[in-house]
Each structure stands twice: as C-alpha cells, then as structure tokens.
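Enquirer: One structure coming up, written as structure tokens, with questions to follow.
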Amino acid sequence: MTEQTTETDQHPLRVAIVGSGPSGFYAAGHLLSQAGRPIEVDVFDRLPTPWGLVRGGVAPDHPKIKSVTRVYEKTAAKEGFRFFGNVEVGSDVSHDELASWYDAVIYASGTSGDKKSGIAGEDLPGSLSATEFVGWYNAHPDFRDLDPDLSPKRAVVIGNGNVAIDCARMLTLTHDELAVTDIADHALELLDAAGVEEIVVLGRRGPEQAAFTNPELLELGELADADVIVDPADLEIPDELRQDDLDATARKNVEILREYAERQPSGKRKRIVLRFLTSPVELLGDGKVEQVRLVRNELVRDERGGLRARPTDQEELIEAGLVLRAIGYTGFAIPGVPFNEGTGLIPHDGDGRVVHDGAPVPGLYTAGWIKRGPSGVIGTNKKCAQETVDALLADFAGKESTPPVDTDDVAKILGERVSDLVDYAGWELIDAHEKGLGEPHGRPRVKLTLVDEMVRIAAQQEPAAR
Ligand SMILES: Cc1cc2nc3c(=O)[nH]c(=O)nc-3n(C[C@H](O)[C@H](O)[C@H](O)COP(=O)(O)OP(=O)(O)OC[C@H]3O[C@@H](n4cnc5c(N)ncnc54)[C@H](O)[C@@H]3O)c2cc1C
Ligand SMILES: NC(=O)c1ccc[n+]([C@@H]2O[C@H](COP(=O)([O-])OP(=O)(O)OC[C@H]3O[C@@H](n4cnc5c(N)ncnc54)[C@H](OP(=O)(O)O)[C@@H]3O)[C@@H](O)[C@H]2O)c1
C-alpha cells in the first residue's frame, strides 16, 4: 500500500516558469494561490528586468496599462516565489537541466520574432520591423543601438493592428507629450528631431477587417500634432462583400473611420493617412529605402467564406524613406522544447500540455503568446495561464514531488554558472534606481538600456557614467 501524504509532510511542488511577462506572472500567481498543497515557483527571464512586453512593448504614452505590474509585484512577494533574471534558457541553462531540477516547467517565453512580409527590398536599410522599432523606443537592451533614420518626410507602416497604430502614433507625439513618459532617452532625442510629416498606414484588406481596437483607433483622431486622413472611397464596400457577422468592435471601427473620412484636415504639423485594400509589393532605393511600390487589392471570398486580399493590376509608387512592418510576431525554438516551425509556436493539447509526436510530454507546459500565438491583450493571458496551471495541477494531483535537487542547490548552481544573475531584490534595486532618475523630471522612470549597467545596479555597485 502506498503511504498517504498530508499537506504538511508533502514536499513542495517545484515549478520553473520561463518568461516573466504577463503569462509567466499569471501562471506564477495562480500556482502560488493554491491552498491545497505547498508550491515553489522559480521564474526565469533572459533580461535582468521582468514584465516582458509590459515593459518592452506597451507604448510609453500608455502608463495606466503598465500599472498591471502591481498585480505581478504582489505575486513576487508571495512565499515560494523566486526570480532568476539575466538567465537565458537554452544557453545559460538548458531545458534538460530545468526538466531534471523541477517537477514541471512552463514555457511562457512569448513570440519576440517578427513576421516577414517576403516582399523585395524588405531588408534595405530604412525598413524595420515593429519588434525593432518598439524595442528601441522602449529601451529594450537588444535594440538600444538601432539608431533609425527618422529624417525622411514620409513613413509607411504596414499592418492594421494595434501595433501599427502604436508605431504611427509614436511618430507624431510632441516633445512635451513624450518627455513625461518612460520612453528611452535615445528615442526621445531622435523622435524630437524627426523629419517625418506623413505616416501612411497600409491595411491589405478593408476597413471592416482591420484588427484595431476602438480606443486605439479613436486616439488617432485626438492627436495634438497630427490630422488623421481617410479617403471616403476606401470605405465603400460592395454589398456582396459586406460581412454579416461583424463584431461590435469592427462595426464601431467602421463608424469611427466614417467620421474621420468626413473631417477636413485642420492643418496640424503631421498627418496619419489610413489606407485600405493596399499592399506594398516592393521597397526600392539606392542602398536604403526611398520608394514603396504599392498595389491596390480587391477582396475575394476564400473556400471557407472568409475574405482575403487579392492584388489587382493597379500599382503606384510613393516616396518613403522609413518603412515599419507591424504584421505580427513569431516565436523562437528553445533547444530541447518541442516547436512547430510552421506556426512558430510550442505545440500543446489545447490546455497547455506540451505535445511531442502526438502525446503530452510529462511535466512540460506552455502559456501565453508562445502557446496561443501573438494576439490578445495583457488580460487575455490570465485565463490562458490559469488554464495551463489547472492542467498541471490536475496532472500532479495526488502525486509526490520528486525533484532530485533542492531549491538551494538550484540557486547555487545558477549562481556559479551565471555570474551576473539578477534576483528579485536586484530587480527592485534597478526599479528604484530608474524611478529615482525619472523623478526630478516628472517621469515615471528613466529606463536603463545596458544589461551591464543593470547588473551593476542590481549588485548595489555604482553605475558607470551615463
Ligand atoms: C508592441 C506591443 C504593444 C502592446 N501593447 C499592449 C497594450 O497597450 N495593452 C495590452 O493589453 N496589450 C498590449 N500588448 C499585448 C501584450 O503585451 C501581450 O498580450 C503580452 O505581453 C503577452 O505576454 P507573454 O507573457 O506571453 O509574452 P511576453 O510579454 O513577450 O513575455 C515573454 C518573456 O519571456 C522572456 N524570454 C523569452 N525567451 C526566453 C528564454 N529563452 N529564456 C528566458 N526568458 C525568455 C522574454 O524576455 C519576456 O520577458 C502589446 C503587444 C505588443 C507587441
Ligand atoms: N493598446 C493595446 O491594447 C495594444 C497595443 C498593441 C498591441 N496589442 C495587441 O497585441 C496583439 C498583436 O498586435 P499586432 O498589431 O501585432 O497584431 P494583429 O492585431 O494580429 O494585426 C496584424 C495586422 O497585420 C496584417 N498583416 C499580416 N500579415 C500581413 C502581410 N503579409 N501584409 C500586410 N499586412 C499583413 C494583418 O492583416 P490581416 O487581418 O489581413 O491578416 C493585421 O492587420 C493584438 O491582439 C493587439 O490587440 C494591444
């Protein structure tokens, strides 16, 4: 007969979470709020700083959205929580090691790769992915040296989602609007001196198919320094191609766009031109982007009744020296972790159990964008992460925890291996330091952009001259 364990004599269930973005933190929060059994959670991130895209994606002029980190801070304060920052899983530590140290591993590593458009000239200087541009203005260490050329008068943003709106809006905000945010100092300086006067946002399908959400689209109509321009002809939809099943967001988007189309430009310094049924087919230029060849699309029904864009023979050439591709993201494979190259995601059974060769891999789970794909707002990751954790808890119900190394051993191995590891107390020092730099200027923080500097602050050493 197997010996019954009670709550008090049970070893804690030990879970590693890879990624400290919303999905990693929602998974940690759900695990640590289980009353039924003791649980310990170690969260790993390749950066010394937590919060994933809440720090490195959400636009600087949307500070309220970032206040969601207060919820994550409460999770970090719970007993059983540890943060191992500046540790990249797949290089500093392998998946096999994590799998041998913990009862379960949850991959919540996000989708930080950019989707390619595949058009000619895509790699010319002056053509940037949203990953790069957004990371640059948000002080992500990987993109601090991007130094984009913002001198051209016209920029083109490809895509009709909220990231496209963020990119377009950021190019129009005034110095006063940006100077009170946590935008990277280097971006504040360059955006201030930018020559961009017109931003053309290209949707390959029609206004009914745009992926914008209403508040973000409405915000474009209220910009201090930019008029929003919509050609009424772009809003004419043939009856046979009208979508009967439009959701409330899409209906409201069309209503907002109609109102924009009726407006007369008020002569503001900049213009955001929203164009629909238009795709770039080629970026041209001598050593850098100078022109974009566009094609007019028509909407056609596909076999499943959906509406897709089909190019017509109407082409035009426009001058533009900056092109930002905001057409979606894709994930990266981590050695040893099943990965679907086609979807760019970790394959799972629907509830977050990672699947290999058609069967769940014991002890391996996934949550967030790397599980579902790169869509959904911050809150969407809560339900997603909880679903994963519920699957994990169901799998471990009644099972003893059996990791061969204890929690102190893991910290010791990592400490010896990663000399510049940043723990949660180290992050709190970075956080306080950044807030201190921002305070005299009425800014929420001034973000550090160098990993070495973050590590020095986390180790309570004096920063180098900035
Ligand atoms: C530009 C942009 C702006 C957005 N703005 C908003 C907004 O205003 N409001 C809103 O509600 N939603 C917004 N979103 C959506 C929101 O950011 C996402 O829903 C959410 O961040 C996804 O969470 P995640 O934890 O799955 O991934 P992420 O937030 O990407 O977190 C993944 C984490 O994993 C870490 N990681 C990756 N690989 C490794 C590894 N090998 N080892 C260790 N760590 C690793 C990364 O460093 C990162 O910290 C925005 C998204 C983007 C792209
Ligand atoms: N403020 C906020 O709340 C906020 C801010 C930023 C991001 N987010 C969220 O983060 C998620 C990701 O946003 P996102 O903008 O990256 O993705 P998204 O909402 O999926 O939009 C991607 C856009 O790119 C277009 N596209 C894809 N491939 C293309 C191609 N080859 N050529 C031209 N266009 C192409 C898509 O058009 P089709 O529809 O035709 O495929 C779509 O318009 C979304 O859920 C978004 O709401 C939220």
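Enquirer: Counting only Cα atoms, I'd like the Rg/Rh figure for region 317-389, Kirkwood definition for Rh.
Expert: Looking at region 317-389, the ratio lands at 1.14.
Enquirer: Which whole-number percent gives the relative contact order of region 116-328, counting Cα pairs below 8 Å spaced six or more residues apart? Could you put the intermediate results ahead of the total?
Expert: Numbers: 430 pairs, mean separation 65.8, N = 213.
Taking the mean separation of contacting Cα pairs over the length of region 116-328, I get 31 percent.
Enquirer: Separate question: Size of the chain along its principal axes in angstrom, Cα-based, largest extent first?
Expert: 77, 59, 38
Enquirer: Just want the ordering: I65, I183, from fewest to most Cβ atoms lying within 10 Å of their own Cβ.
Expert: Sorted ascending by nearby Cβ count, the order is I65, I183.
Enquirer: Over every pair of different alpha-carbon atoms in region 188-253, take the mean of 1/r and invert it; report that Kirkwood radius in Å.
Expert: Taking every pair of different Cα atoms in region 188-253, averaging 1/r and inverting gives 14.3 Å.
Enquirer: Sticking to Cα atoms, compute the Rg of region 116-328 to one decimal and its Dmax as the biggest Cα-Cα distance, whole number, in Å.
Expert: Considering region 116-328 through its Cα atoms, Rg and Dmax are 17.0, 51 Å.
Enquirer: Right, another one. Report for the chain the percent antiparallel among DSSP-assigned beta bridges with both residues inside it, nearest 5.
Expert: DSSP beta bridges in the chain are roughly 35 percent antiparallel.
Enquirer: OK, next. Per Stokes-Einstein, at 37 °C and 0.692 mPa s, what whole-number D in µm² s⁻¹ belongs to region 200-320, with the Kirkwood radius over Cα pairs as the hydrodynamic radius?
Expert: Numbers: Rh = 15.6 Å.
For the chosen part, D equals 210 µm²/s.
Enquirer: Stretched out fully, how many nm does the piece from A411 to R308 gain, at 0.36 nm a residue minus the Cα gap?
Expert: Length difference between fully extended and current span is 31.9 nm.
Enquirer: Additional query: Using Cα pairs under 8 angstrom and six or more residues apart, how large is the relative contact order of the chain, in percent?
Expert: It comes to 21 percent, rounded to a whole number.
Enquirer: If you don't mind, there's one more thing I want to ask. What does DSSP give for region 116-328 in terms of the percent of beta bridges that are antiparallel, rounded to the nearest 5?
Expert: About 40 percent, rounded to the nearest 5.
Enquirer: Could you please state, rounded to a whole Å, how far the C-alpha centre of region 299-339 is from the C-alpha centre of region 228-273?
Expert: If you average the Cα positions of each part, the centres end up 21 Å apart.
Enquirer: Would you please give the residues with an amide H less than 5 Å from that of F339, counting only those at least 5 places away or on a separate chain, with H modeled from the backbone geometry?
Expert: Here nothing satisfies the definition.
Enquirer: Tell me the relative contact order for region 347-466 as a rounded percent, counting alpha carbon contacts under 8 Å between residues six or more apart.
Expert: 15 percent.
Enquirer: How much length is gained on full extension from V68 to D192, taking 0.36 nm per residue of separation minus their Cα-Cα distance?
Expert: On the way: separation 124, 0.36 × 124 = 44.64 nm, distance 2.88 nm.
41.8 nm is the gain from fully extending V68 to D192.
Enquirer: Suppose only helical runs count, i.e. DSSP H with n ≥ 4. What mean residue ellipticity at 222 nm does that imply for the chain under -39500 (n - 2.57) per run, divided by all residues and rounded to the nearest 500 deg cm²/dmol?
Expert: -8500 deg cm²/dmol
Enquirer: Given the pairs K116/K447; K66/K382; K66/K435; K116/K270; K64/K252, which span a C-alpha to C-alpha distance of over 20 angstrom in this model?
Expert: Going by Cα-Cα distance, K116/K447; K116/K270; K64/K252 fall outside the 20 Å limit.
Enquirer: Post the alpha-carbon centroid distance, region 53-68 to region 369-408, in whole angstrom.
Expert: Taking the Cα centre of region 369-408 as reference, the centre of region 53-68 is 24 Å away.
Read-outs: derived from the displayed coordinates by stated rules, not from any lab. The model shown is predicted, which means the values in this text are computed figures rather than measured ones. Virtual Cβ from ideal backbone geometry, glycine too; neighbours counted across all protein chains shown.
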